[in-house]
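Contents: one structure, followed by commentary.
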Amino acid sequence: MLSKKDYRAEAVLDYFNKRLRIDDYRGKTDSLLKDASKLASDNRFTKVIVKGKACDITNLLKEQFQLEAIIKNYFHGEDAYFFTKYLSEARRKTDSWTKQDSIITSIYEKKKTVHLQSGEFGFRAADELDAKKLSELYRAVFEVYPTPLHSSDYIQKTMREGTIYYLAEKGNTIVSAASAEINAVYNNAEITDCATLPEVRKHKLMRSLILLLEQKLCDQGVFCAYSIARAESFGMNAVLHQLDYEYTGRLTNNCVISTDLENMNVWCKDLSAGN
């Protein structure tokens, strides 16, 4: 929490990804933004992220923040604007932007298809007893990940805090999983932690898992869903497009996945539209 007499803000100091994230705030925005930039610099972070509100766009621009993406309906029906500020040229620089634009273009050109799932896999909600096997899946798929999913204790902790996991299994082996991290204050959810073993990716398991997560979210009255996918991943971005998520921007050098900082695409969906 960042606070002064004239503002309050929920801040995440992310040392692993060398960034400061402001998830929510109220009060005097320009004062907050100056302090956030200084705090990031003092911690040798190279990026500041603010989930901004429409009324603060001019203040964010004035403080040299730039708009990179939008999450529709994030704040109880009001859009959230991902504004970012870079504190180093290296963090701002990317050599793969036009290539990743081409990936999105080619995904748009693919015809959406009816999803029929193979019967050789079982799907269910995960519980704490699955945490060890889930951590093994994430270790197998991701060499490095922005959150500690390689730890079963961390997975159990997120479950207790309200994150929903669904998994696909073949026999006793978990071969794919995804989660929905719910923001209980604003009733939105991030579809995240999506992983499938390479040998079964042709079966489109992730589409089934996300559909199950969406239904669970609707049952809980959560209709704003979004996902942040690796911009280099044709498959994951294609899955989101096929499920009617809307591409709303790209975050430059946002977090470490695999071995280095990567650009991340933002997708969002109004789950109430299909009900």
ASP101 versus (1) within 21 Å of ASN254 (Cβ to Cβ); (2) not in a helix (DSSP H, G or I): which is the lone unmet condition? (2)
Among the residues of the stretch 171-182, which ones are more than 17 Å from the chain's Cα centre (by Cα) and either open to solvent by less than 40 Å² (accessible area, probe 1.4 Å) or modelled with pLDDT under 95 (or both)? GLY171, ASN172, ILE174, VAL175, SER176
Can you tell me which residue is nearest to ARG201 (Cα to Cα) among those in the stretch 225-237 that are outside any loop (DSSP other than H, G, I, E, B) and open to solvent by less than 10 Å² (accessible area, probe 1.4 Å)? ASN237
Restrict the check to the stretch 246-261 and report whether at least one residue is under 30 Å from LYS85 (Cα atoms), at pLDDT 95 or above, open to solvent by 50 Å² or more (accessible area, probe 1.4 Å) and within 13 Å of the chain's Cα centre (by Cα). yes
Out of (1) farther than 20 Å from ASP270 by Cβ; (2) open to solvent by less than 40 Å² (accessible area, probe 1.4 Å); (3) assigned to a helix (DSSP H, G or I); (4) among the charged types (D, E, K, R), the one ASP193 does not meet is (3)
Under the condition of being polar (S, T, N, Q) and assigned to a helix (DSSP H, G or I), which residue from the stretch 47-66 is most open to solvent (accessible area, probe 1.4 Å)? THR58
Kindly indicate whether any position in the stretch 214-222 is among the acidic types (Asp, Glu), assigned to a helix (DSSP H, G or I) and surrounded by fewer than 20 Cβ atoms within 10 Å (Cβ to Cβ). yes
Is it the case that the stretch 68-79 has a residue that's among the basic types (Lys, Arg), in contact (Cβ under 8 Å) with a residue 60 or more places away in the chain and either within 26 Å of LEU240 (Cα to Cα) or part of a loop (DSSP other than H, G, I, E, B) (or both)? yes
Kindly establish whether THR158 is outside any helix (DSSP H, G or I) and surrounded by 15 or more Cβ atoms within 10 Å (Cβ to Cβ). no
So, of the residues in the stretch 204-213 that are assigned to a helix (DSSP H, G or I) and of a type outside the set (Ser, Thr, Tyr), which turns out to be nearest to HIS115 (Cα to Cα)? ARG207
Considering only residues that are surrounded by 15 or more Cβ atoms within 10 Å (Cβ to Cβ) and out of contact with any Ser or Thr (no Cβ under 6 Å at 6 or more places or on another chain), look in the stretch 135-147 and name the one that is farthest from ASP260 (Cα to Cα). LEU137
When the stretch 108-125 is examined, which residues are found to be in contact (Cβ under 8 Å) with a residue 40 or more places away in the chain and farther than 20 Å from LEU243 by Cβ? GLU120, GLY122
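The values are calculated or read from the model by the stated rules, or taken from the named source; none is laboratory data. Please read these numbers as outputs of a predicted model, since none were measured by experiment. Note that each Cβ is placed from the backbone with ideal geometry, even for glycine, and that neighbours are counted across all protein chains shown. When the accessible area is computed, the model is the full protein with side chains, heavy atoms only, and any ligands, DNA or RNA have been set aside. Shrake-Rupley method; radii C 1.70, N 1.55, O 1.52, S 1.80 Å.
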